[in-house]
Amino acid sequence: MAENQAHAIALGDRGRFVMPVAVRERHGWAAGQALVALDTDAGVLVMSADEALTWLRSRLEGRDLVAELLAERRADVARETA
């Protein structure tokens, strides 16, 4: 994928904005495409569901979520019984 690019867009009175054609073409989005808006501390990320799944998998790669959950639960129990 090409390097990151900034695009100025305006938010309409009904909360809508028009995605620039260059962005739509770069991502292969067509009219009616379902998108995911991910609200983060850094801002809002907009991507297709497939892109969101790929992004999420990359963020979780190498993590053992079950072990993390068990560790959190054990720490909660230790605090409650102390």
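Each value in this text was obtained by applying a stated rule to the coordinates, not by laboratory testing. None of the values given here were measured: they were computed from a predicted structure. Ideal geometry is used to build each Cβ from the backbone, glycine not excepted, and the neighbour counts take in all protein chains shown.
Here are a few things to note about the model shown:
- Note that region 10-18 has calculated 3J(HN,Hα) couplings of 10, 8, x, 5, 9, x, 9, 9, 9 Hz, one per residue in order, obtained from phi through the Karplus relation 6.51 cos²θ - 1.76 cosθ + 1.60 (θ = phi - 60°); glycine and proline are x.
- GNM remark for the chain: springs join alpha carbons under 10 Å apart, and the peak mean-square fluctuation among Ala34, Ala67, Ala22 falls on Ala67.
- Taking θ as phi - 60° and the Karplus parameters 6.51, -1.76 and 1.60, the scalar couplings of region 75-82 work out to 5, 4, 5, 4, 5, 5, 9, 7 Hz in sequence order, x denoting glycine and proline.
- Shown here: the chain, whose C-alpha atoms stretch 58, 31, 23 Å along the first, second and third principal axes, sorted largest to smallest.
- DSSP loop GluC sites (Glu not before Pro) with at most 15 other Cβ within 10 Å: longest gap in the chain: 4-60
- Within the chain, helix-based [θ] at 222 nm, where runs of 4 or more DSSP H residues each add -39,500 (n - 2.57), nearest 500: -13500 deg cm²/dmol
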